[in-house]
Amino acid sequence: MAVESDMTVIGKKLPNFTLPDVVSGKTVSFESEKSDVANVVMFICNHCPYVKHVREQLVELANDYLPKGVKFFAINSNDVEAYPDDSPENMKKLAEQFHFPFPYLFDESQQVAKAYKAQCTPDFYVLDSNLTCIYHGQLDDARPSNEVPVTGTSLRLALDTILQGEKITFAQKPSMGCSIKWKEQ
């Protein structure tokens, strides 16, 4: 069953995070790595068909906007015991296979996903340099079950608006995807 983003975080300051990058083996601190232009935080995973549907566009989008000063951070918060395809070892293999130009971070405690009120994979946030969420929503209208091409239109419009020094005034549509796989309490 598909789940939508919780849109209540738009306009709110979100917390810094420090997580391990499964590719480099280094710890990444959002505070020290963030851009003064815009920062895309995306909750993704390996196994979800919604993420698989847009993976190539995520790489293309990042390659288009990294030279413009936008930073990208991909986070997997899924319970890897229940979903071994999302393990750090498999995350690393996938990131290398698709040549992710951004860190692929593992949120083992799930605290970052909870703090960001992430609900689904993929789930996209754009934060300014003050960690205020200025965009939260979908990549575009494409879904695995429809014939809409994957273009990144919604997220690209948000980033272009920010790069032009303007405020986002258009309606932000929630992302849709697999629920985050929470650990049993």
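Suppose every K and R has +1 on its Cβ and every D and E has -1 on its Cβ; what is the size of the dipole of region 1-55 about the Cα centre, in Debye to the nearest 20?
100
Simple rule: put +1 on each Lys or Arg Cβ and -1 on each Asp or Glu Cβ in region 1-159, find the dipole, and look at 46, 88, 109; the Cα lying farthest toward the positive end is 109.
Counting only aspartates and glutamates at least 8 places from residue 71 when in the same chain, those with an alpha carbon closer than 13 Å to its own are 31, 33, 36, 128.
Shown here for region 143-184: trypsin sites (Lys or Arg not before Pro) in loop regions (DSSP other than H, G, I, E, B) with at most 10 other Cβ atoms within 10 Å, namely 167.
For region 60-111, dividing the convex hull volume of the Cα atoms by the residue count gives 74 Å³ per residue. Of all beta bridges that DSSP places with both ends in the chain, some 65 percent have antiparallel geometry. For Cα pairs less than 8 Å apart in space and 6+ apart in sequence, what is the mean separation divided by the residue count of the chain, i.e. the relative contact order in percent? The value is 34 percent. Share of pairwise Cα-Cα distances greater than 19 Å in the chain is 54 percent (whole percent). Restricting the calculation to Cα atoms, region 1-96 shows an Rg/Rh of 0.95 when the hydrodynamic-style radius is the Kirkwood one. As a calculated quantity, the FRET efficiency between residue 156 and residue 81 at R0 = 35 Å, using C-beta atoms, amounts to about 0.45.
What separates the Cα centres of region 132-183 and region 8-60 is a distance of 14 Å. In this structure the amide hydrogen of residue 131, modeled in the peptide plane, comes within under 5 Å of no amide hydrogen from residues 5 or more places off or on another chain.
Kindly rank 102-111, 5-14 from highest to lowest mean number of other beta carbons found within 10 Å of each residue. Present the calculation step by step, with values, prior to reporting the outcome.
Working: 102-111: 18.9, 5-14: 15.1.
Highest mean packing first, the order is 102-111, 5-14.
Every read-out reported here was derived from the displayed coordinates using simple, explicitly stated rules and does not represent laboratory data. Being a predicted model, the structure only gives us computed values, none of them experimental. Positions of Cβ are generated from backbone atoms using ideal geometry, with glycine treated the same way; all protein chains shown enter the neighbour counts.
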